[in-house]
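The structure appears below as C-alpha cells.
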Amino acid sequence: MAEAELAAGLARVVATAVGGPVVVTGLHRLSGGASRETWSFDADGTGGPRRLILRRDAPGITSSPMTLEARCMAAAAAAGVPVPRMVAASDDPAALGAAFLVMERVDGETIPRRVLRDHGDPAAGARLAAQCGIALAGIHRAGAVDGLPAEDPVARWRATLDDLGSPHQAFELAFRWLEDHRPPPRPATLVHGDFRVGNLVVGPEGLRAVLDWELATLGDPLTDLGWFCVRAWRYGRDHLRAGGLSEGDAFVCAYEAASGAPVDRAALLWWETMGTLTWGILCGVQAARHTSGAVRSVELAAIGRRVCENEWDVLGCLERAGWPG
C-alpha cells in the first residue's frame with residue numbers, strides 16, 4: 001500500500017473513531033520492529049490535533065490478532081499499568097491493507113542503549129528497574145483476557161526448533177535441563193511476553209509506557225521476570241542482570257512488594273534460561289524468513305547471526321544452575 005493510500009485510509013479510520021472528519025499529515029515509518037510495522041502520524045479534526053502511532057502487520061506475517069493486543073492493553077491499563085491510549089484496532093485488512101492498531105503517541109526514549117545511558121547512574125537504574133517490577137505486577141494482576149493462548153513454552157519452542165530443521169546442541173541440552181527441572185506451577189496470569197528495555201517508553205523520571213503486546217499469552221508470571229533478565233536485553237551491561245539497569249534486587253523486590261507474591265530465585269533462573277532459549281530460537285525463525293525468500297531483509301539476516309550468542313548464553317545459564325553436577 002502506497003503512503004498516500006495509507007494516509008487516506010488512516011484518515012477514514014480515525015474519523016470513524018472520533019466521529020468527524022480528519023486530516024492526516026506527517027506520516028512516516030519508524031525504524032525497528034521485525035514482525036510489525038510502526039508508523040508515526042498526526043491527525044487533525046474533531047477533538048483537536050492528535051499525535052498518533054500506527055502498528056500494522058508486516059507483509060507475509062500472521063501475528064496475534066490486533067484486537068487481542070488492544071484488549072490486553074486495556075486490561076493492563078485498568079490494572080494501573082502505563083500504556084498508550086487506544087484509538088482504533090481491527091483485524092480486517094480491508095481498511096489499511098493489514099490488521100492494525102492506532103494509539104496515541106507517548107513522548108520519551110525507546111532506544112535501549114540510550115535508555116541505559118540516561119539511567120547509567122546506579123540510583124537511576126535501580127529506580128527504573130523498580131518501576132518495571134511494579135509495572136509487571138500490575139500486568140499480572142490484570143487477570144485473564146479472552147482469546148489469549150495458553151501453551152507449554154517448552155513444548156511450543158521444542159516444536160518450533162524442530163520445524164526449523166537446524167541442529168543446535170546447546171539448545172538440546174537446555175531443553176533436557178528445562179524438562180528435568182520444571183519449577184512448581186503458579187496460577188496463570190496475563191503475561192506480556194516481551195517486557196524489556198526497547199519495548200518501553202522512558203523519560204527522565206522513569207517509565208512512561210509499556211509497548212509491543214503482540215506476544216502476550218496466558219501463563220506463569222515469572223515468564224516476564226525471566227525474560228527481562230535475559231542477557232541479550234542488557235545491551236553490554238552484562239553484570240546488571242535486571243535489564244542492564246540493576247543487579248536484580250531492586251527489580252525483584254519491587255515486584256514482590258507490588259504483587260504480594262514471593263519470587264523463587266531458582267524458578268527465576270529457570271525462566272531466564274527458558275527466555276534465553278526462546279530468543280535463540282526466535283533468532284533462527286527471523287533468519288529463516290530471510291533465507292526462505294519470504295522477506296528479503298538485512299536486519300533479519302543479522303538477527304540470525306545472533307543464534308550462536310544465545311547458544312553461549314544458555315550454556316552460561318546451565319552453568320549457573322550447577323548443571324551438570
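The values are calculated or read from the model by the stated rules, or taken from the named source; none is laboratory data. Note that the structure is predicted; figures quoted are calculated from it, not measured. Methodologically, a virtual Cβ is constructed for each residue, glycine included, from the backbone with ideal geometry; neighbour enumeration extends over all protein chains shown. The accessibility values were calculated without ligands, DNA or RNA, using every heavy atom of the protein model including side chains. Shrake-Rupley method; radii C 1.70, N 1.55, O 1.52, S 1.80 Å.
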>> I need a count of the residues in segment 131-186 that are open to solvent by 30 Å² or more (accessible area, probe 1.4 Å), among the aliphatic types (A, V, I, L, M), closer than 25 Å to L68 by Cβ and in a helix (DSSP H, G or I).
In response: 3
> Here is a list of conditions, (1) in a loop (DSSP other than H, G, I, E, B); (2) surrounded by 15 or more Cβ atoms within 10 Å (Cβ to Cβ), and E69 meets all of them except one; can you say which number that is?
Replying inline: (1)
> Is it the case that T38 is part of a helix (DSSP H, G or I) and at pLDDT 90 or above?
Replying inline: no
> Residue check, A99 against (1) open to solvent by 50 Å² or more (accessible area, probe 1.4 Å); (2) farther than 13 Å from L207 by Cα; (3) aliphatic (A, V, I, L, M), all met but one. Which one?
Replying inline: (1)
> Would you pick out the residues in segment 187-200 that are in contact (Cβ under 8 Å) with a residue 60 or more places away in the chain and either exposed (fewer than 15 other Cβ atoms within 10 Å of the Cβ) or over 12 Å from the mean Cα position of the chain (by Cα) (or both)?
Replying inline: L190
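Given the criteria touching a Gly at 6+ places or on another chain (Cβ under 7 Å), at pLDDT below 95 and either under 28 Å from C253 (Cα atoms) or open to solvent by 20 Å² or more (accessible area, probe 1.4 Å) (or both), does L116 qualify?
Numbers: touching a Gly at 6+ places or on another chain (Cβ under 7 Å): yes; at pLDDT below 95: no; either under 28 Å from C253 (Cα atoms) or open to solvent by 20 Å² or more (accessible area, probe 1.4 Å) (or both): yes.
Answer is no for this residue.
Looking for something in contact with a helix residue (DSSP H, G or I) (Cβ under 9 Å, 6 or more places away or on another chain), of a type in the set (D, E, K, R) and assigned to a helix (DSSP H, G or I) - is there at least one such residue anywhere in segment 286-293?
The answer is yes; a qualifying residue exists.
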>> Please go through (1) more than 24 Å from G147 (Cα to Cα); (2) open to solvent by less than 60 Å² (accessible area, probe 1.4 Å); (3) out of contact with any Gly (no Cβ under 9 Å at 6 or more places or on another chain) for S40 and return the number of the only condition it doesn't satisfy.
In response: (3)
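Conditions tested, residue by residue: (1) touching a Cys at 6+ places or on another chain (Cβ under 6 Å); (2) at pLDDT below 95; (3) under 21 Å from A155 (Cα atoms); (4) surrounded by 18 or more Cβ atoms within 10 Å (Cβ to Cβ).
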| residue | (1), (2), (3), (4) |
| --- | --- |
| R241 | yes, no, no, yes |
| S259 | no, no, no, yes |
| G275 | no, no, yes, yes |
| I281 | no, no, yes, yes |
| V298 | no, yes, no, no |
| A301 | no, yes, no, no |
| W312 | no, no, no, no |
| C317 | no, no, yes, yes |
> For residues in segment 310-325 being out of contact with any helix residue (DSSP H, G or I) (no Cβ under 7 Å at 6 or more places or on another chain) and assigned to a helix (DSSP H, G or I), which is nearest to F228 (Cα to Cα)?
Replying inline: G316
> Given the structure, is G206 in contact with a Lys or Arg (Cβ under 8 Å, 6 or more places away or on another chain), surrounded by fewer than 21 Cβ atoms within 10 Å (Cβ to Cβ) and of a type outside the set (A, V, I, L, M, F, W, C)?
Replying inline: yes
> Which of (1) more than 18 Å from R158 (Cβ to Cβ); (2) at pLDDT below 95; (3) out of contact with any strand residue (DSSP E or B) (no Cβ under 8 Å at 6 or more places or on another chain) is the odd one out, the single condition A254 does not satisfy?
Replying inline: (2)
>> Looking at the structure I just gave you, is W270 closer than 19 Å to L178 by Cα, of a type in the set (A, V, I, L, M, F, W, C) and open to solvent by less than 40 Å² (accessible area, probe 1.4 Å)?
In response: yes
> Which of the residues that make up segment 43-66 are more than 30 Å from R289 (Cα to Cα) and either at pLDDT below 95 or open to solvent by 30 Å² or more (accessible area, probe 1.4 Å) (or both)?
Replying inline: D44, G45, T46, G47, G48, P49, R50, R51
>> Quick test for you: out of V24, V81, pick the one residue that is at pLDDT 95 or above, among the aliphatic types (A, V, I, L, M), farther than 23 Å from A209 by Cα and not in a helix (DSSP H, G or I).
In response: V24
